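What follows is a single structure, written as structure tokens, with notes after it.
The values are calculated or read from the model by the stated rules, or taken from the named source; none is laboratory data. Here the structure is a predicted model, which is why all the values come from computation and not from measurement. All Cβ positions, glycine included, derive from the backbone under ideal geometry; neighbour counts span all protein chains shown. Protein only, heavy atoms only, side chains kept; ligands, DNA and RNA dropped before computing areas. Shrake-Rupley method; radii C 1.70, N 1.55, O 1.52, S 1.80 Å.
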Amino acid sequence: MNKYAAAARAHWERTAPTRLHALENPEEFFTNLGLQVQAEVSDLMAMLAGTRSSEQNYLREVARLVTARRIAEEVVMAQLVWIGDPELPLEQAREEWEQTRPSDENLVIWAERMQDSPDLMPSTVELEQMANDWAVPVAFLEGLVATEPPRDYLRENQAVLQEAATIRFLRELS
């Protein structure tokens with residue numbers, strides 16, 4: 001079992017014990033998964049690293065290859081290994097989602113940028129798309145931009161933000 005297989009098994013033991021115990025042959029499963037991860041990391045690393053420049057010294061060459069390997073490992077592990085337990089209770093799933101979701105502070109930053117440069121205000125279609133992405137009404141975004149400071153508007157409309165967060169969470173579940 002290679003280092004990727006060991007990391008995958010340890011992760012599954014913590015986050016998906018039910019799935020782990022349901023495996024018929026965990027040793028074989030993780031050995032094969034580790035080999036698959038290793039192969040995909042090698043392929044992606046080669047693609048990310050590109051070719052060596054004749055102007056690079058040894059240390060820059062090592063840094064380029066190490067960086068490419070780390071990025072490749074992060075991408076492949078995220079795709080193939082880092083899983084959650086599908087039987088995670090709804091409350092725990094929501095807590096997990098809350099920790100990784102985009103912060104409402106991003107809306108404040110966006111509104112402040114629009115106030116500083118009104119010519120950057122998105123078109124109606126872009127505004128409708130942003131409202132859909134954030135699960136808020138277009139009027140909410142317009143009100144956010146119209147209020148100085150925008151943070152006050154968010155505080156006054158906390159119920160809208162909470163409902164929008166619930167909608168976005170439920171979207172991700174389905």
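Quick look at the values:
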{"quantity": "Net charge dipole size for the range 45-130 [Lys, Arg +1 and Asp, Glu -1 on Cβ; Debye, nearest 20]", "calculated": "800 debye"}
{"quantity": "Percent RCO, i.e. relative contact order, over the chain, from Cα pairs under 8 Å lying at least 6 residues apart", "calculated": "19 percent"}
{"quantity": "Surface share of carbon and sulfur [accessible, 1.4 angstrom probe, percent] for the chain", "calculated": "53 percent"}
{"quantity": "Val125, Val75, ranked by accessible area, largest first (probe 1.4 Å)", "calculated": "Val125, Val75"}
{"quantity": "Cα-based convex hull, the chain, per residue volume (Å³, whole number)", "calculated": "190 Å³"}
{"quantity": "With all protein chains modelled, accessible area of Asp116 [1.4 Å, Å²]", "calculated": "130 Å²"}
{"quantity": "Calculated [θ] (222 nm, deg cm²/dmol) that DSSP helices of n ≥ 4 give over the chain, each run adding -39,500 (n - 2.57)", "calculated": "-24000 deg cm²/dmol"}
{"quantity": "Note, ³J(HN,Hα) from phi for the range 121-135, Karplus 6.51, -1.76, 1.60, rounded to Hz, x at Gly and Pro", "calculated": "3, x, 5, 4, 5, 5, 5, 5, 5, 5, 4, 5, 4, 8, 6"}
{"quantity": "Debye log10 I(q)/I(0) for the range 96-174, one point scatterer per Cα, at q = 0.22 Å⁻¹", "calculated": "-1.06"}
{"quantity": "Residues of the chain: accessible area per residue with a 1.4 Å probe, Å²", "calculated": "65 Å²"}
{"quantity": "Phi to ³J(HN,Hα) by Karplus 6.51 cos²θ - 1.76 cosθ + 1.60 over the range 97-108, Hz, x for Gly, Pro", "calculated": "5, 4, 6, 10, 6, x, 6, 4, 4, 4, 5, 4"}
{"quantity": "Packing-based ranking, highest mean first, of 51-57, 106-112 given that Cβ atoms within 10 Å are counted", "calculated": "106-112, 51-57"}
